[in-house]
Each structure stands twice: as C-alpha cells, then as structure tokens.
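Everything below concerns the one structure shown next.
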Amino acid sequence: MFDLIIRDANLPDGRMGMDIGISGGKIAAIEKSIAADAGEEISATGRLVTPPFVDPHFHMDATLSLGLPRMNVSGTLLEGIALWGELRPIVTKEELVERALRYCDLAVTQGLLFIRSHVDTSDPKLVTVEAMIEVRERVKPYIDLQLVAFPQDGYYRAADGISSLNRALDMGIDIVGGIPHFERTMGEGTASVEALCRIAAERGLPVDMHCDETDDPLSRHIETLATETIRFGLQGRVAGSHLTSMHSMDNYYVSKLIPLMAEARINVIPNPLINIMLQGRHDTYPKRRGMTRVRELMDAGLNVSFGHDCVMDPWYSMGSGDMLEVGHMAIHVAQMAGIEDKKKIFDALTVNSAKTMGLEGYGLEKGCNADLVILQASDVIEALRLKPTRLAVVKAGKVIARSAPRIGELFLDGRPRSIDGGLDYIPIKA
C-alpha cells in the first residue's frame, strides 16, 4: 500500500511508462506497472515527471518591486543598483515579506521548490535580512529557501559593509556573498574575496559571489576566488555567479583560468535572462551579449547551473518564475541546440542546481524525497521547447499545486478538434 502512485510517467533519463510509488514522503518504488494500491493515484498519461526546478540565484528582497520608487529608464545594471539604493531605506519589513510570499506562491505553481536568494546587507538596519529570514521560515513547508549575505554596495565600499555582513551571518544567514567587481578598485575587490572566503572558512559556511558581472575582460576576480577556494579548503562549496567578463576575455587567458576553476571545483551560475539584458550596454556593433562560456565550462567538468536572478524588479522588468524560460534562453544564447546539449541545459535547471545548493535527498530515484513535477510534455527536449503547463506539483508526497492542461480548440473542417499543449509533438530520433 502506497500513499501515492503516479502511473505511466516518462522520466528525464528517457525511461518511459514508469510508475512511481510514494510512501512516507519518499519515493519507495520506480518500476513498470506497480501491482499495488494507493491512497491516491495520478495518471501522468505519458507525460514527463521530473524533480522540482531549482533556482540557485535570485533576489527575493527586490522581487515584484518594479516601478518603486521609479522605473529604470536606461535599463542598465548601474541604474538598477542606484534605484534599489533609493528604495532600500524606505521599504518596510511587511512590504518585503508580502512581495516575497507572493513570488513564492508563483514559484510553487511553476514547480520551483528550491531557491537560493541573495539578501542585501548594505543598509545597517538589516530590514531586508529580518524580512527574508521570516519568509524562509514561513515557506519552509513547501520551499527550501537558502539566504546569501550579499553586500550589494560593496564589502569595503559601503560605510558599514563589513559589520553589517557579519551581523547578518550572526542572525542566521546561510551563505557568504560578495561583489568584488563593485568595490572601488581591483585591489579592494581582490582583498574582499580573500576576506570573505576567510570568514566562510572560519564559520564553516559556503560562498556564493556575484563575480565579474561586467564586460571588462580585465575583471578577473574569479581567478582570485578559485585560488582562495583552494587556499581555504572550500573546494565544491563555492559558487561564482554571473562571470560575464569571461565572455570578453581572450582565449589564451581562459585556457588557463578554466582548469584553475575546475581544480577548485567552483560551481558556476550564469543567469541567461538578466545577463543578456544588462551586458554589452556600451557596445554599438558588434554587440556582446555577455553570458559566460557555458559550453566550455561544462566540457571542462565544472558544475554549471542556471539562475533566474530577477523577476519584475529594478534590474529586470520581465520574468515569470519559470526556470524553463531560463533554460529556453540559455539554449539560444549559448548556441546549444543539439539533443545532448538540451539535456545538459535541463540538468542545469534541476540536478546541477541541486548540487550547487547542496540539497540532500533530491532526485528521481528510490529513496529520494517525493518532490516531483508533472509537465505537459513528453520529454525534456519538448519541455524546453514549449515551456509547458505544470499539471501537478508534489512536495513530500502531497500534491500542493495543480494546473489545467493547455488545450487549443479548433473549429476547422477536416482538421482535429483540439491540439494538446499548443503544438503537436513530433518525436526526434537521435
């Protein structure tokens, strides 16, 4: 007897027509035609069942604040930072909590159940920190929310940057963050990386830095981050987010840099939507798009995962909480259109991101947590193409969200009455 059985499911690894038996919040069986009863059964009808989506890079404190206190007219990173600097001193804890909870509601319907959010620590009042810690506790039954102490205005550059970050960690923030390229000088940026890695080592915490989010090919703080990771014994526990300067670096330097990053086991987090929106703003043509070297980093064995970064905030006026939208854009910008490429992109939204966040019990195997999403798609390739409806979202063996399938109704002589998912599926053989 199972609590729940999902029948006739296709899995991300290509297995088809599988049944998934769930007991006690865990996956108890995955096999063809489970001969047992359950308290509840769901027929996936040959649809894709996947572990939940994971967003390893987000800004929950700023989300849904678009237009406050005004719009980002230039659409640039620097104006976005300035805008947030205007909003941060006047925003209330209640507003921050309410907007974050609204976003988490959206995330659940999108099958996004794991989020790592950077929390601005530059204002010494730390209202953002208090608010996000409350949100973390309130959403714990359905979203695992990790928080990064993020000195948005610079660890050294902000007047109280050092003390505010340490106080945020004392309050219970999970991860040490940084933004070395936003310090006053390259030297201070380098010093901030060393100082923040030292803090992480002393406190036994992971590191996740906004690193080289610039078009400047001489912004090379990722080299320092990899070196300090090795020096402090933090291998595998450090993430470099954005890394957009690698888009502009010469190939010879990168041929040295990537092996160093691999030695340090750096987790790489590009953010395709925001990276191509904000980078290359000083270019005319040819115009750089700014996303880091995804294919080369994957080929070198680095763990690459994708973040959404922003949804309707001072930096990004779009976004829907849909990680498949992130992957869809990554395919285009990274020019990874092959079948195996797309499978790697899907992994970067799920299992790779779970590794970045250090999630335990994540996956679609016997013994894993029964956290699952049923998609209105047949396989991962179709999911990335269509960005389909999440038919059901399951957390610890219980359905926490449902959506009606997308069906297009036709009134044409001699043609089908309906189209499932908006487009008929045409199988592609490798």
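Listed here are the pairs Lys125/Lys398; Lys343/Lys395; Lys256/Lys387; Lys342/Lys395; Lys93/Lys287; which of them are more than 29 Å apart at the Cα?
Lys125/Lys398; Lys256/Lys387; Lys93/Lys287
What share of Cα pairs, in percent, lie more than 20 angstrom apart in segment 215-296?
Every Cα pair in segment 215-296 considered, those over 20 Å come to 32 percent.
Inverting the mean 1/r over all pairs of different Cα atoms, compute the Kirkwood radius of segment 282-357 and quote it in Å.
13.5
Considering every pair of different Cα atoms, what Kirkwood radius, in Å, is found for the chain?
After inverting the mean inverse Cα-Cα distance, the result is 22.3 Å.
About the Cα centre of the chain, what is the dipole size in debye to 20, counting +1 per Lys and Arg Cβ and -1 per Asp and Glu Cβ, all else neutral?
520
Where only protein heavy atoms count, and the probe is 1.4 Å, what is the accessible area per residue for segment 13-126 in Å²?
Solvent-accessible surface per residue comes out at 37 Å².
Among Ile162, Thr109, Met132, which residue has its Cα furthest toward the positive end of the charge dipole of the chain, with +1 on Lys/Arg Cβ and -1 on Asp/Glu Cβ?
Value: Thr109.
Hey, what's the Cα Rg ratio for segment 225-346 versus the globular rule of thumb, 2.2 N^0.38 Å?
Working it through for segment 225-346, the quotient is 1.08.
Over all directions, how big on average is the projection of the convex hull of the alpha-carbon atoms in segment 3-46, in square nanometres?
Mean projected area for segment 3-46: 2.9 nm², to one decimal.
If you place +1 on the Cβ of every Lys and Arg, -1 on the Cβ of every Asp and Glu, and leave all else neutral, what size is the dipole of segment 257-384 about its Cα centre, to the nearest 20 Debye?
420
Spelling out what I want: for every residue of segment 280-293, take phi, set θ = phi - 60°, compute 6.51 cos²θ - 1.76 cosθ + 1.60 (Karplus), and round to whole Hz; glycine and proline get x.
After applying 6.51 cos²θ - 1.76 cosθ + 1.60, I find x, 6, 8, 8, 9, 8, x, 10, 6, 9, x, 6, 5, 7 Hz.
Would segment 278-320 count as rounded, prolate or oblate if I go by the C-alpha gyration tensor, calling it rounded below 1.5 in a/c and otherwise prolate when a/b exceeds b/c, oblate otherwise?
oblate
Counting only protein heavy atoms and a 1.4 Å probe, tell me what percentage of the chain's accessible area is made up of carbon and sulfur.
54
Could you derive backbone 3J(HN,Hα) for segment 70-85 from the dihedral phi with the Karplus parameters 6.51, -1.76 and 1.60 (θ = phi - 60°), listing whole Hz in sequence and x where the residue is Gly or Pro?
7, 7, 7, 5, 6, x, 9, 4, 5, 5, x, 5, 4, 4, 4, x
Could you work out the Kirkwood radius for segment 61-148, taking every pair of different alpha carbons, averaging 1/r and inverting it, reported in Å?
Mean inverse Cα-Cα distance, inverted, gives 13.6 Å.
Which Cα, out of Met298, Ser320, Ala330, lies furthest along the positive dipole direction of segment 214-362 (beta carbon charges, K/R +1, D/E -1)?
Met298
What's the magnitude of the charge dipole for segment 98-196 around its Cα centre, counting Lys and Arg as +1 and Asp and Glu as -1 at the beta-carbon? Answer in Debye, nearest 20.
My answer is approximately 200 debye.
Given axes a ≥ b ≥ c from the Cα gyration tensor, I'd like to know whether segment 284-430 is rounded (a/c under 1.5), prolate (a/b larger than b/c) or oblate.
Since a/c reaches 1.5 but b/c is at least a/b, the shape of segment 284-430 is classed as oblate.
The values are calculated or read from the model by the stated rules, or taken from the named source; none is laboratory data. Being a predicted model, the structure only gives us computed values, none of them experimental. Heads up, the Cβs are rebuilt from the backbone with ideal geometry, glycines too, and the neighbour counts pull from every protein chain shown. Please note that ligands, DNA and RNA were not included when accessible areas were found on the heavy atoms of the full protein model with its side chains. Shrake-Rupley method; radii C 1.70, N 1.55, O 1.52, S 1.80 Å.
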